[in-house]
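First up is the structure itself, then whatever we jot down about it.
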Amino acid sequence: MNTDLTGKVALVTGGGSGIGAATCRTLAQAGAAIAILDLRPGPAQTVAEAITAEGGRAIAIAADVTDELAVSAAVVRTVEELGGLQIVFANAGINGMQTPIEEMTLDEWRATIDTNLTGTFLTTKHSIPHLRAAGGGAIVVTASVNGTRLFSAPGYSAYSTSKAGQATFARMAATELARWNIRVNTIIPGSIRTNIGERTYRRNLEAITYDVKMPEKFPPLGARVADPTEVADLVLYLVSDASRYVTGTEVVIDAGLTLLRG
């Protein structure tokens, strides 16, 4: 199976931590040069330094994926400094506010939708000309079991809507971009050990929470939360030539969690 990425350039949003950071390192080990985009410059720089210390090529870019000018500039900088663009991992996201729908403010709704869904749109939009110039490439979008397989998480209306939107957007993009040999796929992670909880806020969930108890060993496969590197291995497959005939596909990586809890 050919997962060699030598000579390719990858842009990873939300690359400073969690799934993004693990994927940056995995793609770099496969030979790609990496542009690590994150809202926080410190974590992005830390990942870049770790990659260069191991002999790879990486740059850190501080940008807000909801800011179109910032995203456009980040893509241009990636191409200019690393020599092109063949791989895009639209991964940046937040949980945002978990609260009953009637209590959610418009600003709270927009914060989640803008980061997760609009950020994916902007990242994809501004990458397309460069992927086309490269003769094709691969885009992977990070959605979630919430909004695509799971609808029982209390207070997750904004988050789940954004994730369902990402999955739909990716399928539309796959159809549109196939003519230029640009593949677009979506990963659907379940419980992953990341720091996304740092930007998660909760308010008055008691009234909309169901008392559902899962088996002691849960999820079914492994009975544990996944490590981000396990998701990174999936992304590597989807951006490599090993998956050259795969586009418009959603790949669930949840250890069977949503087979029991949907």
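The values are calculated or read from the model by the stated rules, or taken from the named source; none is laboratory data. In this text the structure is predicted, and so the values were computed from the model without any measurement. Reconstructed Cβ throughout: ideal geometry from the backbone, glycine too, with neighbour counts over all protein chains shown.
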Any idea how many residues of the stretch 132-146 are surrounded by fewer than 24 Cβ atoms within 10 Å (Cβ to Cβ), touching a Phe, Trp or Tyr at 6+ places or on another chain (Cβ under 9 Å) and farther than 18 Å from Tyr237 by Cβ?
3
Is there a residue in the stretch 111-119 that is out of contact with any helix residue (DSSP H, G or I) (no Cβ under 6 Å at 6 or more places or on another chain) and within 20 Å of Val231 (Cβ to Cβ)?
yes
In the stretch 44-71, how many are under 25 Å from Gly7 (Cα atoms), of a type outside the set (A, V, I, L, M) and surrounded by 15 or more Cβ atoms within 10 Å (Cβ to Cβ)?
4
Testing Thr258 on (1) within 30 Å of Lys125 (Cβ to Cβ); (2) modelled with pLDDT under 95; (3) β-branched (Val, Ile, Thr), one condition comes back false. Which one is that?
(1)
Counting just the residues of the stretch 154-169 that are surrounded by fewer than 19 Cβ atoms within 10 Å (Cβ to Cβ) and more than 15 Å from the chain's Cα centre (by Cα), which one comes out farthest from Ile188 (Cα to Cα)?
Pro154
Hits in the stretch 7-54 (condition: assigned to a loop (DSSP other than H, G, I, E, B) and within 15 Å of Ala138 (Cβ to Cβ))
Gly7, Lys8, Ala30, Gly31, Ala32
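If you go through the stretch 75-94 one residue at a time, how many are touching a residue at least 60 places away in the same chain (Cβ under 8 Å) and either part of a loop (DSSP other than H, G, I, E, B) or surrounded by fewer than 24 Cβ atoms within 10 Å (Cβ to Cβ) (or both)?
10
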Return the pair list, or none, for Cβ contacts closer than 7 Å from residues in the stretch 238-258 that are without any contact (Cβ under 8 Å) to a residue 60 or more places away in the chain to residues that are surrounded by 15 or more Cβ atoms within 10 Å (Cβ to Cβ), at least 6 apart or on different chains.
Gly256/Pro219
